[in-house]
1. Mind listing the long-range amide H neighbours of ARG118? Cut-off is under 5 Å, sequence gap 5 or more, other chains count too, H placed in the peptide plane at 1.01 Å from N.
2. What are the ³J(HN,Hα) couplings of the range 157-163, residue after residue, when phi is run through the Karplus curve with 6.51, -1.76, 1.60 and θ = phi - 60°? Round to Hz, x for glycine and proline.
3. What nm value, rounded to one decimal, do you get for the distance between ARG29 and THR50 when each label is placed 7 Å out toward the C-beta?
4. Which label marks the calculated value of semi-axes √(5λ) of the Cα gyration tensor in Å, given the options (1) 36, 18, 13; (2) 48, 22, 14; (3) 31, 20, 15?
5. Enumerate the calculated ³J(HN,Hα) couplings along the range 139-145 in order (Karplus 6.51 cos²θ - 1.76 cosθ + 1.60, θ = phi - 60°), each rounded to whole Hz, writing x wherever the residue is Gly or Pro.
6. Restricting to bridges with both residues inside the chain, how much of the DSSP beta-bridge set is antiparallel, in percent to the nearest 5?
7. Take the Cβ-Cβ distance between GLU17 and GLN132 as r, set R0 to 30 Å, and report the resulting FRET efficiency rounded to the nearest 0.05.
8. Across the range 78-83, in residue order, what do the Karplus-derived ³J(HN,Hα) couplings come to in whole Hz, using 6.51 cos²θ - 1.76 cosθ + 1.60 with θ = phi - 60° and x for Gly and Pro?
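A short reminder: the numbers here are calculations on the coordinates, not readings from a lab. Quick caveat: nothing in here was measured; it's all calculated off a predicted structure. Quick reminder, even Gly has a Cβ in these numbers, built from the backbone with ideal geometry, and neighbours come from all protein chains shown.
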Amino acid sequence: MTVMERLATALAGIAHEVETPADGTPCLRVAHDGVRPLMQALKTGGGFETNTFVTAVDREPAEPRFEVVWEFLSVKHNDRVRVRMLSNDEYPKVPTIIDLWPGAAFFERECYDMFGVRFEGHANLRRLLMPQAYEHHPLRKEFPHQGIEPDKLYREWDRKRRTQGGQPS
């Protein structure tokens with residue numbers, strides 16, 4: 001039985017499209033309002049016990065600009081499935097999945113940090129790789145290749161460290 005045959009009942013009534021890219025992993029496209037029901041169906045009815053990644057793609061200049069991507073693994077059935085959601089919002093918002101897959105917490109934080117995707121309901125959505133005060137999202141296409149004045153930022157941290165005697169936030 002294929003993964004899509006196994007998921008047919010669990011996904012009934014949830015709007016999605018199915019495609020199979022070159023890597024052979026079935027891909028479900030879902031609208032924003034279908035994300036949460038789809039995720040619950042994958043977890044409870046689909047048997048996908050592992051979230052392997054959460055990321056985004058900045059497709060600029062294409063419209064919609066952003067694509068949020070999740071991938072899941074069923075060890076029991078030896079299946080994978082990918083879920084994609086398109087968004088044209090400047091800062092896309094999607095529901096968190098950490099209540100279903102707690103291991104996704106750091107993936108969501110990284111996606112927020114690098115792309116600016118906001119995960120609604122995430123209890124600790126803050127930067128993971130970049131400093132908390134950093135105002136940019138480095139994997140967006142408008143981010144300059146040469147970077148953004150790192151010396152100015154580091155000088156400010158050093159000044160705070162010296163005057164406050166602690167680590168920069």
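1. For ARG118, whose amide H was placed from the backbone, the distant partners under 5 Å are LYS93, VAL94.
2. Along the range 157-163, the couplings run 4, 5, 4, 5, 4, 5, 7 Hz.
3. So the two model labels end up 2.9 nm from each other.
4. Derived directly from the coordinates: (1).
5. With the stated coefficients, the range 139-145 comes to 9, 7, 5, 7, 5, x, 4 Hz.
6. 75 percent
7. Taking R0 as 30 Å, the efficiency between GLU17 and GLN132 is 0.20.
8. 6, 10, 10, 8, 10, 10
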